1. Would you mind getting the accessible area per residue of segment 246-337, heavy atoms of the protein chains only, 1.4 Å probe, in Å²?
2. Suppose accessible area is computed on protein heavy atoms with a 1.4 Å probe; arrange R430, R439, R68 from highest to lowest.
3. Taking θ = phi - 60°, what integer Hz values does the Karplus form 6.51 cos²θ - 1.76 cosθ + 1.60 yield along segment 73-81, in sequence order, with x for Gly and Pro?
4. What order do H66, H340 take when sorted by accessible area (1.4 Å probe), most exposed first?
5. From the protein chains alone at 1.4 Å, what is the descending order of accessible area for K371, K445, K437, largest first?
6. Calculate the FRET efficiency for V302 and E186 from the Cβ-Cβ distance with a Förster distance of 30 Å, rounded to the nearest 0.05.
7. Would you kindly derive the ³J(HN,Hα) couplings of segment 281-298 from the backbone phi angles with the Karplus curve 6.51 cos²θ - 1.76 cosθ + 1.60 (θ = phi - 60°), listing them in order in whole Hz, with x for Gly and Pro?
8. Of the accessible area of segment 266-340, with the probe set at 1.4 angstrom, what percent is carbon plus sulfur?
Amino acid sequence: METKQEYTMVQTDPERAEAPRKNSQVSSNLDGGWGWIVTFSSFMLNFLVDGVCYTIGVFLPVFIIHFRGSKAKTMLLSSVTNGLSFLLGPVAGVSVNRFGCRKTTILGIMIASSGLFLSTFSPNLDVMIVLYGIIGGIGFGLVYTPTIIIVSYYFEKRRALATGIATCGSGIGGFVFAPLSVLLLETYGWRGAMWIITGIVLNGIVFASFYRSDYPLTVKDDTKNKPNGEQTLKTILASFWKTFDCSMLTSPSFVVYTTSCFLVSVGFFIPFNCLPALAGDLGISASNGALLISIIGICNTVSNVVFGFIIDLPCVDNILTNNIVLMTGGVATILVPYYHAFGILVVYSAVFGIMIGAFELLNSILMVEIKGIERLSNGFGLLNMFIGFASIVGSPIAGALSDASGNYDDAFYFAGGVITIAGVICLPLRRIITWEKKRLAKKCKMKESDSSIEK
(Lines give C-alpha, C1' and ligand atoms only; values in the text may rest on other atoms or scores of the structure.)
Protein backbone atom coordinates (compact mmCIF):
# COMPACT_ATOMS: atom_id res chain seq x y z
CA MET A 1 0.00 0.00 0.00
CA GLU A 2 1.26 3.45 -0.90
CA THR A 3 2.11 5.85 1.87
CA LYS A 4 -0.15 8.89 1.92
CA GLN A 5 0.53 12.11 3.74
CA GLU A 6 -1.92 13.97 5.94
CA TYR A 7 -1.33 17.68 6.33
CA THR A 8 -2.88 20.05 8.84
CA MET A 9 -3.43 23.61 7.70
CA VAL A 10 -3.05 26.18 10.46
CA GLN A 11 -3.76 29.83 9.76
CA THR A 12 -0.62 31.34 11.26
CA ASP A 13 2.40 33.18 9.94
CA PRO A 14 2.27 33.18 6.11
CA GLU A 15 6.02 32.66 5.79
CA ARG A 16 5.90 29.74 8.16
CA ALA A 17 2.97 28.31 6.22
CA GLU A 18 5.11 28.22 3.08
CA ALA A 19 8.04 26.57 4.82
CA PRO A 20 8.60 22.84 4.25
CA ARG A 21 6.21 20.65 6.19
CA LYS A 22 7.97 18.64 8.89
CA ASN A 23 5.03 17.16 10.77
CA SER A 24 3.20 14.83 8.39
CA GLN A 25 1.20 11.75 9.22
CA VAL A 26 0.14 8.63 7.36
CA SER A 27 -3.46 8.63 6.18
CA SER A 28 -5.33 6.03 4.15
CA ASN A 29 -8.08 8.55 3.34
CA LEU A 30 -6.09 10.42 0.70
CA ASP A 31 -6.39 9.56 -3.01
CA GLY A 32 -9.38 7.23 -2.65
CA GLY A 33 -12.15 5.98 -0.42
CA TRP A 34 -14.68 8.62 0.56
CA GLY A 35 -12.79 11.09 -1.59
CA TRP A 36 -14.51 9.69 -4.68
CA ILE A 37 -17.93 10.22 -3.08
CA VAL A 38 -16.90 13.81 -2.38
CA THR A 39 -15.69 14.15 -5.98
CA PHE A 40 -19.05 12.96 -7.32
CA SER A 41 -20.89 15.37 -5.02
CA SER A 42 -18.69 18.23 -6.23
CA PHE A 43 -19.36 17.12 -9.80
CA MET A 44 -23.13 17.36 -9.26
CA LEU A 45 -22.92 20.73 -7.49
CA ASN A 46 -20.82 22.15 -10.33
CA PHE A 47 -23.40 20.66 -12.70
CA LEU A 48 -26.19 22.57 -10.98
CA VAL A 49 -24.40 25.88 -10.33
CA ASP A 50 -22.64 26.32 -13.65
CA GLY A 51 -25.53 24.77 -15.55
CA VAL A 52 -27.54 27.80 -14.44
CA CYS A 53 -24.72 30.37 -14.75
CA TYR A 54 -23.53 29.28 -18.20
CA THR A 55 -26.99 29.29 -19.79
CA ILE A 56 -28.20 32.74 -18.73
CA GLY A 57 -27.45 33.75 -22.33
CA VAL A 58 -30.40 31.62 -23.46
CA PHE A 59 -32.73 33.79 -21.35
CA LEU A 60 -31.16 37.17 -22.25
CA PRO A 61 -33.08 37.75 -25.54
CA VAL A 62 -36.33 37.06 -23.66
CA PHE A 63 -35.35 39.41 -20.82
CA ILE A 64 -34.40 42.18 -23.28
CA ILE A 65 -37.89 42.00 -24.83
CA HIS A 66 -39.76 41.58 -21.53
CA PHE A 67 -38.02 44.31 -19.51
CA ARG A 68 -37.26 46.55 -22.54
CA GLY A 69 -33.74 47.30 -21.32
CA SER A 70 -30.52 47.84 -23.25
CA LYS A 71 -28.22 44.94 -24.00
CA ALA A 72 -25.57 46.36 -21.67
CA LYS A 73 -27.95 46.65 -18.71
CA THR A 74 -29.62 43.30 -19.34
CA MET A 75 -26.25 41.59 -19.48
CA LEU A 76 -25.72 42.76 -15.90
CA LEU A 77 -27.91 39.78 -14.93
CA SER A 78 -25.21 37.46 -16.19
CA SER A 79 -22.19 39.49 -15.08
CA VAL A 80 -23.47 40.15 -11.55
CA THR A 81 -24.52 36.51 -11.01
CA ASN A 82 -21.27 35.06 -12.33
CA GLY A 83 -19.16 37.83 -10.81
CA LEU A 84 -20.52 37.42 -7.30
CA SER A 85 -20.18 33.64 -7.52
CA PHE A 86 -16.42 34.29 -7.68
CA LEU A 87 -16.32 37.55 -5.73
CA LEU A 88 -17.56 35.76 -2.61
CA GLY A 89 -14.43 33.56 -2.72
CA PRO A 90 -12.69 35.08 0.34
CA VAL A 91 -15.92 35.03 2.35
CA ALA A 92 -16.54 31.43 1.33
CA GLY A 93 -12.95 30.58 2.28
CA VAL A 94 -13.45 32.08 5.73
CA SER A 95 -16.74 30.21 6.11
CA VAL A 96 -15.08 26.93 5.10
CA ASN A 97 -12.29 27.45 7.62
CA ARG A 98 -14.77 28.19 10.40
CA PHE A 99 -17.85 26.09 9.63
CA GLY A 100 -16.73 23.48 7.08
CA CYS A 101 -17.62 22.82 3.46
CA ARG A 102 -20.97 21.13 4.15
CA LYS A 103 -22.65 23.98 6.08
CA THR A 104 -21.25 26.62 3.73
CA THR A 105 -22.50 24.81 0.63
CA ILE A 106 -25.99 24.11 2.01
CA LEU A 107 -26.40 27.76 3.02
CA GLY A 108 -25.33 28.82 -0.47
CA ILE A 109 -27.85 26.52 -2.16
CA MET A 110 -30.67 27.89 -0.02
CA ILE A 111 -29.74 31.52 -0.73
CA ALA A 112 -29.33 30.93 -4.49
CA SER A 113 -32.63 29.09 -4.80
CA SER A 114 -34.43 31.87 -2.92
CA GLY A 115 -32.99 34.49 -5.26
CA LEU A 116 -33.93 32.57 -8.41
CA PHE A 117 -37.48 31.95 -7.21
CA LEU A 118 -38.15 35.51 -5.99
CA SER A 119 -36.74 36.98 -9.21
CA THR A 120 -39.75 35.67 -11.14
CA PHE A 121 -41.89 38.27 -9.37
CA SER A 122 -39.66 41.18 -10.43
CA PRO A 123 -41.65 44.18 -11.71
CA ASN A 124 -38.67 45.65 -13.55
CA LEU A 125 -35.09 44.95 -14.58
CA ASP A 126 -33.55 46.68 -11.56
CA VAL A 127 -35.34 44.38 -9.11
CA MET A 128 -34.47 41.42 -11.33
CA ILE A 129 -30.77 42.31 -11.11
CA VAL A 130 -30.98 42.49 -7.32
CA LEU A 131 -32.82 39.19 -6.83
CA TYR A 132 -31.45 37.08 -9.67
CA GLY A 133 -28.02 38.67 -9.95
CA ILE A 134 -27.04 39.71 -6.43
CA ILE A 135 -28.94 37.22 -4.23
CA GLY A 136 -28.43 34.34 -6.66
CA GLY A 137 -24.77 35.26 -7.14
CA ILE A 138 -24.12 35.36 -3.38
CA GLY A 139 -25.63 31.91 -3.01
CA PHE A 140 -23.65 30.44 -5.90
CA GLY A 141 -20.49 32.05 -4.50
CA LEU A 142 -20.90 30.17 -1.22
CA VAL A 143 -21.30 26.94 -3.21
CA TYR A 144 -18.53 27.28 -5.79
CA THR A 145 -15.44 27.67 -3.57
CA PRO A 146 -16.14 24.68 -1.26
CA THR A 147 -16.89 22.37 -4.20
CA ILE A 148 -13.43 23.02 -5.64
CA ILE A 149 -11.20 23.12 -2.57
CA ILE A 150 -12.72 20.10 -0.80
CA VAL A 151 -11.48 17.81 -3.59
CA SER A 152 -7.92 19.02 -2.99
CA TYR A 153 -8.33 18.11 0.69
CA TYR A 154 -8.98 14.47 -0.26
CA PHE A 155 -6.37 13.98 -2.98
CA GLU A 156 -2.65 14.48 -3.41
CA LYS A 157 -1.18 12.27 -6.16
CA ARG A 158 -4.47 12.18 -8.08
CA ARG A 159 -5.45 15.75 -7.33
CA ALA A 160 -5.58 16.97 -10.95
CA LEU A 161 -7.64 13.97 -12.11
CA ALA A 162 -10.10 14.25 -9.22
CA THR A 163 -10.40 18.02 -9.69
CA GLY A 164 -10.93 17.47 -13.41
CA ILE A 165 -13.75 15.00 -12.76
CA ALA A 166 -15.39 17.39 -10.28
CA THR A 167 -15.15 20.47 -12.50
CA CYS A 168 -16.38 18.65 -15.60
CA GLY A 169 -19.78 18.88 -13.95
CA SER A 170 -19.69 22.50 -15.15
CA GLY A 171 -19.44 21.46 -18.76
CA ILE A 172 -22.13 18.82 -18.53
CA GLY A 173 -24.31 21.36 -16.73
CA GLY A 174 -23.97 23.74 -19.67
CA PHE A 175 -24.59 20.89 -22.12
CA VAL A 176 -27.82 19.82 -20.36
CA PHE A 177 -29.21 23.14 -19.17
CA ALA A 178 -28.95 24.94 -22.53
CA PRO A 179 -31.47 22.78 -24.45
CA LEU A 180 -33.46 22.25 -21.25
CA SER A 181 -33.81 26.02 -20.85
CA VAL A 182 -35.01 26.39 -24.45
CA LEU A 183 -37.57 23.62 -23.93
CA LEU A 184 -38.79 25.12 -20.64
CA LEU A 185 -38.99 28.61 -22.16
CA GLU A 186 -41.07 27.40 -25.11
CA THR A 187 -43.34 25.32 -22.86
CA TYR A 188 -43.80 27.35 -19.67
CA GLY A 189 -42.46 30.83 -20.38
CA TRP A 190 -39.53 32.35 -18.53
CA ARG A 191 -41.24 32.40 -15.12
CA GLY A 192 -42.29 28.76 -15.27
CA ALA A 193 -38.85 27.81 -16.54
CA MET A 194 -37.24 29.62 -13.61
CA TRP A 195 -39.49 27.87 -11.08
CA ILE A 196 -38.51 24.47 -12.41
CA ILE A 197 -34.81 25.39 -12.46
CA THR A 198 -35.12 26.59 -8.85
CA GLY A 199 -36.45 23.18 -7.84
CA ILE A 200 -33.59 21.46 -9.66
CA VAL A 201 -30.99 23.64 -7.91
CA LEU A 202 -32.44 22.76 -4.48
CA ASN A 203 -31.27 19.18 -5.03
CA GLY A 204 -27.78 20.50 -4.33
CA ILE A 205 -28.56 20.21 -0.61
CA VAL A 206 -28.63 16.41 -1.01
CA PHE A 207 -25.18 16.33 -2.61
CA ALA A 208 -23.71 18.83 -0.13
CA SER A 209 -24.76 16.50 2.72
CA PHE A 210 -22.03 14.06 1.59
CA TYR A 211 -19.33 16.58 2.50
CA ARG A 212 -17.82 15.26 5.72
CA SER A 213 -16.24 17.61 8.21
CA ASP A 214 -13.35 15.22 8.93
CA TYR A 215 -11.57 15.42 5.59
CA PRO A 216 -7.88 14.42 5.66
CA LEU A 217 -6.48 17.89 4.95
CA THR A 218 -8.15 19.97 7.65
CA VAL A 219 -8.16 23.64 8.51
CA LYS A 220 -7.70 24.50 12.17
CA ASP A 221 -8.95 27.74 13.66
CA ASP A 222 -6.72 29.10 16.41
CA THR A 223 -9.69 30.28 18.47
CA LYS A 224 -10.99 26.74 18.86
CA ASN A 225 -7.92 25.75 20.84
CA LYS A 226 -8.52 28.43 23.48
CA PRO A 227 -10.79 28.26 26.52
CA ASN A 228 -14.26 29.69 25.99
CA GLY A 229 -13.43 32.69 28.18
CA GLU A 230 -10.62 33.67 25.81
CA GLN A 231 -12.72 33.53 22.67
CA THR A 232 -13.47 37.22 22.73
CA LEU A 233 -14.96 39.10 19.82
CA LYS A 234 -11.56 40.66 19.16
CA THR A 235 -9.93 37.21 18.96
CA ILE A 236 -12.58 35.91 16.58
CA LEU A 237 -12.38 38.98 14.34
CA ALA A 238 -8.58 38.69 14.28
CA SER A 239 -8.90 35.06 13.26
CA PHE A 240 -11.32 35.94 10.48
CA TRP A 241 -9.00 38.68 9.21
CA LYS A 242 -6.02 36.36 9.29
CA THR A 243 -7.80 33.80 7.11
CA PHE A 244 -8.08 36.35 4.31
CA ASP A 245 -4.27 36.29 4.22
CA CYS A 246 -3.85 39.51 2.26
CA SER A 247 -0.05 39.06 2.51
CA MET A 248 -0.33 36.95 -0.65
CA LEU A 249 -0.88 40.17 -2.57
CA THR A 250 2.85 40.87 -2.02
CA SER A 251 3.78 37.61 -3.77
CA PRO A 252 4.93 38.30 -7.38
CA SER A 253 3.85 34.87 -8.63
CA PHE A 254 0.39 35.26 -7.07
CA VAL A 255 -0.01 38.76 -8.54
CA VAL A 256 1.02 37.64 -12.04
CA TYR A 257 -1.29 34.62 -12.06
CA THR A 258 -4.17 36.60 -10.54
CA THR A 259 -3.76 39.32 -13.20
CA SER A 260 -3.90 36.66 -15.90
CA CYS A 261 -7.04 35.10 -14.41
CA PHE A 262 -8.60 38.56 -14.09
CA LEU A 263 -8.14 39.20 -17.81
CA VAL A 264 -9.43 35.77 -18.79
CA SER A 265 -12.53 36.33 -16.67
CA VAL A 266 -13.25 39.70 -18.29
CA GLY A 267 -13.80 37.86 -21.57
CA PHE A 268 -14.84 34.47 -20.19
CA PHE A 269 -18.63 34.83 -20.18
CA ILE A 270 -18.97 36.99 -23.30
CA PRO A 271 -19.18 34.02 -25.73
CA PHE A 272 -21.74 32.34 -23.44
CA ASN A 273 -23.90 35.46 -23.52
CA CYS A 274 -23.39 36.53 -27.12
CA LEU A 275 -23.19 33.29 -29.13
CA PRO A 276 -26.95 32.53 -29.06
CA ALA A 277 -27.75 36.12 -30.08
CA LEU A 278 -25.03 36.11 -32.77
CA ALA A 279 -26.47 32.87 -34.14
CA GLY A 280 -29.90 34.53 -34.31
CA ASP A 281 -28.45 37.47 -36.26
CA LEU A 282 -26.97 34.97 -38.74
CA GLY A 283 -30.35 33.34 -39.28
CA ILE A 284 -29.56 30.28 -37.16
CA SER A 285 -32.47 28.86 -35.13
CA ALA A 286 -32.74 29.32 -31.37
CA SER A 287 -32.31 25.58 -30.79
CA ASN A 288 -29.07 25.55 -32.79
CA GLY A 289 -27.93 28.68 -30.96
CA ALA A 290 -28.46 26.85 -27.67
CA LEU A 291 -26.65 23.85 -29.17
CA LEU A 292 -23.50 25.98 -29.42
CA ILE A 293 -23.59 26.46 -25.65
CA SER A 294 -24.13 22.72 -25.24
CA ILE A 295 -21.08 22.02 -27.38
CA ILE A 296 -19.01 24.34 -25.21
CA GLY A 297 -20.30 22.42 -22.22
CA ILE A 298 -19.55 18.92 -23.48
CA CYS A 299 -16.07 19.92 -24.71
CA ASN A 300 -15.48 21.56 -21.34
CA THR A 301 -16.36 18.22 -19.76
CA VAL A 302 -14.05 16.16 -21.95
CA SER A 303 -11.29 18.74 -21.49
CA ASN A 304 -11.53 18.53 -17.69
CA VAL A 305 -11.06 14.76 -17.65
CA VAL A 306 -8.40 14.61 -20.38
CA PHE A 307 -6.34 17.48 -18.98
CA GLY A 308 -6.82 16.10 -15.48
CA PHE A 309 -5.13 12.90 -16.59
CA ILE A 310 -2.43 14.69 -18.59
CA ILE A 311 -1.54 17.23 -15.90
CA ASP A 312 -0.93 14.45 -13.35
CA LEU A 313 1.90 13.16 -15.58
CA PRO A 314 5.29 14.25 -14.18
CA CYS A 315 6.57 15.32 -17.61
CA VAL A 316 3.83 17.93 -18.16
CA ASP A 317 4.40 21.60 -17.32
CA ASN A 318 1.12 22.93 -15.89
CA ILE A 319 1.99 26.57 -16.53
CA LEU A 320 2.98 25.98 -20.16
CA THR A 321 -0.27 24.07 -20.70
CA ASN A 322 -2.22 26.99 -19.23
CA ASN A 323 -0.48 29.48 -21.51
CA ILE A 324 -1.06 27.47 -24.69
CA VAL A 325 -4.78 26.89 -24.15
CA LEU A 326 -5.41 30.53 -23.22
CA MET A 327 -3.65 31.96 -26.28
CA THR A 328 -5.33 29.42 -28.57
CA GLY A 329 -8.78 30.14 -27.18
CA GLY A 330 -8.17 33.89 -27.27
CA VAL A 331 -7.13 33.97 -30.93
CA ALA A 332 -10.07 31.74 -31.87
CA THR A 333 -12.44 34.18 -30.13
CA ILE A 334 -10.95 37.21 -31.91
CA LEU A 335 -11.82 35.56 -35.23
CA VAL A 336 -15.48 34.83 -34.37
CA PRO A 337 -16.83 37.77 -36.48
CA TYR A 338 -15.48 35.95 -39.54
CA TYR A 339 -17.36 32.73 -38.76
CA HIS A 340 -20.58 32.98 -40.77
CA ALA A 341 -21.45 29.29 -41.10
CA PHE A 342 -23.00 27.19 -38.35
CA GLY A 343 -20.40 24.44 -38.86
CA ILE A 344 -17.53 26.84 -38.18
CA LEU A 345 -19.27 28.15 -35.06
CA VAL A 346 -19.54 24.53 -33.88
CA VAL A 347 -15.76 24.14 -34.27
CA TYR A 348 -15.16 27.39 -32.39
CA SER A 349 -17.49 26.31 -29.58
CA ALA A 350 -15.47 23.10 -29.24
CA VAL A 351 -12.17 25.01 -29.09
CA PHE A 352 -13.53 27.49 -26.55
CA GLY A 353 -14.98 24.68 -24.44
CA ILE A 354 -11.61 22.93 -24.34
CA MET A 355 -9.93 26.18 -23.28
CA ILE A 356 -12.27 26.96 -20.40
CA GLY A 357 -12.14 23.34 -19.22
CA ALA A 358 -8.36 23.48 -18.90
CA PHE A 359 -8.46 26.98 -17.38
CA GLU A 360 -10.98 26.04 -14.68
CA LEU A 361 -9.12 22.84 -13.85
CA LEU A 362 -5.77 24.59 -13.54
CA ASN A 363 -7.03 27.35 -11.19
CA SER A 364 -6.78 25.27 -8.03
CA ILE A 365 -3.88 23.13 -9.31
CA LEU A 366 -1.68 26.14 -10.04
CA MET A 367 -2.70 27.80 -6.79
CA VAL A 368 -1.35 24.76 -4.91
CA GLU A 369 1.84 24.95 -6.98
CA ILE A 370 2.24 28.69 -6.34
CA LYS A 371 1.29 28.95 -2.65
CA GLY A 372 1.08 25.36 -1.34
CA ILE A 373 -1.80 23.22 -0.10
CA GLU A 374 -1.70 24.97 3.30
CA ARG A 375 -2.92 28.22 1.77
CA LEU A 376 -5.26 26.82 -0.88
CA SER A 377 -8.54 27.99 0.66
CA ASN A 378 -7.19 31.51 1.23
CA GLY A 379 -5.37 31.76 -2.09
CA PHE A 380 -8.22 30.30 -4.10
CA GLY A 381 -10.66 32.59 -2.31
CA LEU A 382 -8.63 35.72 -3.08
CA LEU A 383 -8.16 34.58 -6.67
CA ASN A 384 -11.91 34.12 -7.07
CA MET A 385 -12.50 37.60 -5.66
CA PHE A 386 -10.53 39.15 -8.52
CA ILE A 387 -12.16 36.80 -11.01
CA GLY A 388 -15.48 38.03 -9.65
CA PHE A 389 -14.65 41.69 -10.26
CA ALA A 390 -13.62 40.83 -13.81
CA SER A 391 -16.75 38.79 -14.49
CA ILE A 392 -18.95 41.70 -13.38
CA VAL A 393 -17.41 44.21 -15.81
CA GLY A 394 -16.88 41.93 -18.81
CA SER A 395 -20.41 41.33 -20.10
CA PRO A 396 -21.67 44.93 -19.68
CA ILE A 397 -18.66 46.14 -21.67
CA ALA A 398 -19.53 43.62 -24.39
CA GLY A 399 -23.16 44.77 -24.27
CA ALA A 400 -22.14 48.43 -24.57
CA LEU A 401 -19.91 47.62 -27.55
CA SER A 402 -22.80 45.74 -29.15
CA ASP A 403 -25.22 48.63 -28.54
CA ALA A 404 -22.74 51.07 -30.09
CA SER A 405 -21.92 49.01 -33.18
CA GLY A 406 -25.26 47.30 -33.73
CA ASN A 407 -23.61 43.86 -33.87
CA TYR A 408 -21.50 41.53 -31.72
CA ASP A 409 -18.19 41.81 -33.62
CA ASP A 410 -16.50 44.25 -31.22
CA ALA A 411 -17.63 42.15 -28.24
CA PHE A 412 -15.75 39.12 -29.58
CA TYR A 413 -12.69 41.20 -30.54
CA PHE A 414 -12.60 42.49 -26.97
CA ALA A 415 -13.12 39.07 -25.35
CA GLY A 416 -10.52 37.34 -27.50
CA GLY A 417 -7.99 40.14 -27.01
CA VAL A 418 -8.02 40.07 -23.21
CA ILE A 419 -7.89 36.25 -23.10
CA THR A 420 -4.88 36.21 -25.43
CA ILE A 421 -3.07 38.84 -23.33
CA ALA A 422 -3.78 36.72 -20.24
CA GLY A 423 -1.88 33.81 -21.80
CA VAL A 424 1.06 36.04 -22.74
CA ILE A 425 1.32 37.47 -19.20
CA CYS A 426 1.88 33.99 -17.75
CA LEU A 427 4.83 33.14 -20.02
CA PRO A 428 7.46 34.10 -17.37
CA LEU A 429 5.45 32.66 -14.45
CA ARG A 430 7.61 29.54 -14.01
CA ARG A 431 10.76 31.61 -13.60
CA ILE A 432 9.01 33.96 -11.18
CA ILE A 433 7.91 31.03 -9.00
CA THR A 434 11.44 29.59 -8.96
CA TRP A 435 12.96 32.97 -8.05
CA GLU A 436 10.39 33.53 -5.31
CA LYS A 437 10.99 30.12 -3.73
CA LYS A 438 14.76 30.68 -3.73
CA ARG A 439 14.26 34.08 -2.11
CA LEU A 440 12.00 32.57 0.57
CA ALA A 441 14.47 29.74 1.26
CA LYS A 442 17.29 32.27 1.59
CA LYS A 443 15.20 34.40 3.95
CA CYS A 444 14.34 31.39 6.14
CA LYS A 445 18.00 30.38 6.23
CA MET A 446 19.02 33.85 7.35
CA LYS A 447 16.41 33.78 10.14
CA GLU A 448 17.70 30.40 11.35
CA SER A 449 21.24 31.76 11.30
CA ASP A 450 20.27 34.86 13.29
CA SER A 451 18.39 32.81 15.89
CA SER A 452 21.35 30.46 16.33
CA ILE A 453 23.68 33.43 16.87
CA GLU A 454 21.33 34.85 19.55
CA LYS A 455 21.39 31.53 21.37
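1. Heavy-atom SASA per residue in segment 246-337 reads 33 Å².
2. R68, R439, R430
3. 6, 5, 5, 4, 4, 6, 5, 5, 4
4. H340, H66
5. K445, K437, K371
6. Once the sixth-power term is evaluated, E becomes 0.55.
7. Whole-Hz 3J(HN,Hα) from phi for segment 281-298: 5, 8, x, 8, 5, 5, 5, 6, x, 5, 4, 4, 5, 5, 5, 4, x, 5.
8. 74 percent
The values are calculated or read from the model by the stated rules, or taken from the named source; none is laboratory data. None of these values were measured; they are calculated from a predicted model. Cβ: placed from backbone, ideal geometry, glycine included. Neighbour counts: every protein chain shown. Heavy atoms of the whole protein, side chains included, go into the accessibility calculation; ligands, DNA and RNA do not. Shrake-Rupley method; radii C 1.70, N 1.55, O 1.52, S 1.80 Å.
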